[in-house]
Amino acid sequence: MTSSTNPSVTGSALVKRGLADMLRGGVIMDVVNPEQAKIAEDAGAVAVMALERVPADIRRDGGVARMSDPLMIQEIQAAVTIPVMAKARIGHFAEAQILQALDVDYIDESEVLTPADEENHIDKWPFTVPFVCGATNLGEALRRISEGACLIRSKGEAGTGNVVEAVRHLRTINAQMRRLHSADANELYALAKDLQAPLALVQEVALAGKLPVPLFCAGGISTPADASLVLQLGAEAVFVGSGIFKSEDPARMAQAIVEATTHFEDPSVVAKVSTGLGSAMKGWETATLEQRLAERGW
Amino acid sequence: MKRVGVLSLQGDVGEHVSMLEALGSEVVKVRTVEQLNSVDGLVLPGGESTTIAHLLGTSGLKDVLGAKLEQGLPVFGTCAGLILLSTVVLDGRSDQWSYGALSLSVRRNGYGRQIASFESTLDVKGLGGVPGVFIRAPRIESYGDDVEVLATLDHGDGTGEHPVFVRQDRVWGASFHPELTGDARLHELFLNSL
């Protein structure tokens, strides 16, 4: 056995996608201060998303939603040992540069914040920090991957406490992947055109039957049953935004969703953790929403 | 044929399962005591050590696995799995517990946060060059005499060589993720030891 200084590479696709692999089967929780971050970590969260207002409050308050104050992000980084993610506005590469300089573990280029560019998303390849992006369908997911996203989350409709849009988006992405997987090689060119996605990625999905990066679910998950539902629909992990800290007993809700995510195939465990939880967040009927965040991003 | 379990509470379970299946093992995803009781060896995957530790507690597996480790169950831990098998965990949560099956002191995120995560080639005893993927990896700071060091890494930060792949009797640990690469030789070593 010999060893000298081993040359090493940072920021490779394998290293960036690798952290997403480590988050599989876990719950990523939105937190707005170090106290909430501790509650999340205590409950078994795999990561926290540091932001100033949870989506339900952004929706209520209106105005321009931007990247969080670096001080708040640093306080949360100091409070927990698990990965800390933060959000940048769609297309706002300067916010992303700042978040990378702050040493956050993941950047969410998120429709929950007010978009900064109505045509272009961030070119994510030059960054060392990995990015997660939302998608409502397979074409959108593949466009984000072509820009360098290392993790895709189905968008759902953030801040509503209503899982219906998350289900719609997951089912759409899965159905489109099944279509590609069963397609003849000759059909992939036209399918790529329909999906408005790069041919090479379309061919990769057709061969593998799945995305080249993990697929998580976000937007409206607010009970252990919701988590079990989306995992059974093929999500590999869940983001829970307003659903925890807008519920009656956040610490218990957080723990219950963590357990339901692990034991999603065992209804007896999901039943047990759902028992006597107190009320979930009140929520919104999405049909009556004035603003749909999922429509942001293209 | 030996039955190998992969602890499936959280983490990159799928990669370990595929690798072990490709090597011809019968693989069991372990979430319950019953499943744990059915295996001849167990892999502790990468993931978040605080989350996996929490779920070991709530699933009732924590003490059963502890007893099995004492009885000599062969176990291979990668990254978070290595942390769970260690004796001392530095920079962890104040209530972070571990099994103490490997006489190691490990520092969580000892190579830095995600931006510092890296790939390197490791020289593994008996195997030669093996790709190493380190994701917010733990660093082995010190180890006991009963630990056999099978690979080290000098990260060029002035602290010299640190072990990255070790074995102590029937327990194996890697601070990196062999399961994220196409190289199954470390898993093969573990399977051959069963």
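Peptide B:119-129 shows a mean partner chain C-beta count of 3 within 10 Å per residue C-beta. Ordering B:Ser193, B:Gly173, B:Ala151 by Cα displacement along the dipole of the stretch B:147-194 toward the positive end leaves B:Ser193 in first place; charges were set at the Cβ atoms of Lys, Arg (+1) and Asp, Glu (-1). When you count the other C-beta atoms within 10 angstrom of each residue and take the mean per peptide, A:285-292, A:240-247, A:15-22, B:62-69 line up highest first as A:240-247, A:15-22, B:62-69, A:285-292. The phi-based Karplus calculation (6.51 cos²θ - 1.76 cosθ + 1.60; θ = phi - 60°) puts the 3J(HN,Hα) values of the stretch B:179-186 at 5, 8, 10, x, 9, 9, 5, 6 Hz, whole numbers, x for Gly and Pro. The mean count of C-beta atoms from other chains within 10 Å of the C-beta of residues in A:35-46, rounded to a whole number, is 3.
Computed with a 1.4 Å probe on the full set of protein chains, the accessible area for A:Met177 sits at about 10 Å². For the stretch A:136-183, the Kirkwood estimate of hydrodynamic radius, built from reciprocal distances between every pair of different alpha carbons, is 11.4 Å. Projecting the alpha carbon convex hull of chain B along each direction and taking the average yields 9.9 nm².
Selection among B:Gly160, A:Leu211, B:Gly11 by position relative to the dipole of the protein assembly as shown gives A:Leu211 as farthest towards the positive end (Cβ unit charges, Cα centre). Helix content alone sets the calculated 222 nm mean residue ellipticity of chain B: runs of n ≥ 4 DSSP H residues at -39500 (n - 2.57) each, divided across all residues, give -7000 deg cm²/dmol. A cut-off of 5 Å between modelled amide H atoms, ignoring neighbours fewer than 5 places along the same chain, links B:Ser142 with B:Ser105. Each residue of the stretch B:69-77 was assigned a 3J(HN,Hα) from its phi angle through the Karplus expression (A = 6.51, B = -1.76, C = 1.60, θ = phi - 60°), giving 4, 5, 7, x, 4, x, 9, 10, x Hz with x at Gly and Pro. Surface exposure of the protein assembly as shown, expressed per residue as accessible area with a 1.4 Å probe, stands at 37 Å².
For the stretch B:82-194, would you read off the P(r) tail past 25 Å as a percentage of all alpha carbon pairs? The answer is 16 percent, as a whole percent. From the Kirkwood radius over Cα pairs of the stretch A:15-72, Stokes-Einstein at 37 °C and 0.692 mPa s returns a whole-number translational diffusion coefficient of 256 µm²/s.
The listed residues A:Arg296, A:Arg144, once ranked by accessible area (1.4 Å probe) with the largest placed first, stand as A:Arg296, A:Arg144. Take the cross-link list A:Lys38/A:Lys272; B:Lys62/B:Lys125; A:Lys38/B:Lys62; A:Lys246/B:Lys29 and give me the ones stretching past 30 Å between alpha-carbons. Over 30 Å Cα-Cα: B:Lys62/B:Lys125; A:Lys246/B:Lys29. When you filter the trypsin sites (Lys or Arg not before Pro) in the stretch B:1-57 for DSSP loop state and at most 15 other Cβ atoms inside 10 Å of their Cβ, you are left with B:Lys2. DSSP beta bridges fully contained in the stretch B:3-192 are about 55 percent antiparallel. This model, with +1 at the C-beta of Lys and Arg and -1 at the C-beta of Asp and Glu, gives the protein assembly as shown a dipole about its Cα centre of some 600 debye. The three principal axes of the C-alpha atoms in the stretch B:19-99 carry coordinate ranges of 40, 23, 21 Å, sorted with the longest axis first. Here the stretch B:3-192 exposes an accessible surface that is 43 percent carbon and sulfur, computed with a 1.4 Å probe and the other protein chains kept in place.
Principal axis analysis of the Cα atoms in the stretch A:43-164 yields extents of 38, 35, 30 Å, listed in decreasing size. Highest GNM mean-square fluctuation among A:Arg60, A:Arg143, A:Arg24, for chain A modelled with Cα contacts below 10 Å: A:Arg60.
Counting heavy atoms of the protein chains alone, B:Phe134 has an accessible area of about 0 Å² for a 1.4 Å probe. Along the stretch A:85-92 the Karplus relation, 6.51 cos²θ - 1.76 cosθ + 1.60 evaluated at θ = phi - 60°, assigns HN-Hα couplings of 9, 8, 9, 10, 5, 4, x, 8 Hz to successive residues, with x for each Gly and Pro. Just so you know, the Cα atoms of the protein assembly as shown work out to an Rg and Dmax of 21.8, 67 Å.
The values are calculated or read from the model by the stated rules, or taken from the named source; none is laboratory data. Quick caveat: nothing in here was measured; it's all calculated off a predicted structure. Counting neighbours? That spans all protein chains shown, and the Cβs are built from the backbone with ideal geometry, glycine included. All accessible areas refer to the heavy atoms of the entire protein, side chains included, with ligands and DNA or RNA removed. Shrake-Rupley method; radii C 1.70, N 1.55, O 1.52, S 1.80 Å.
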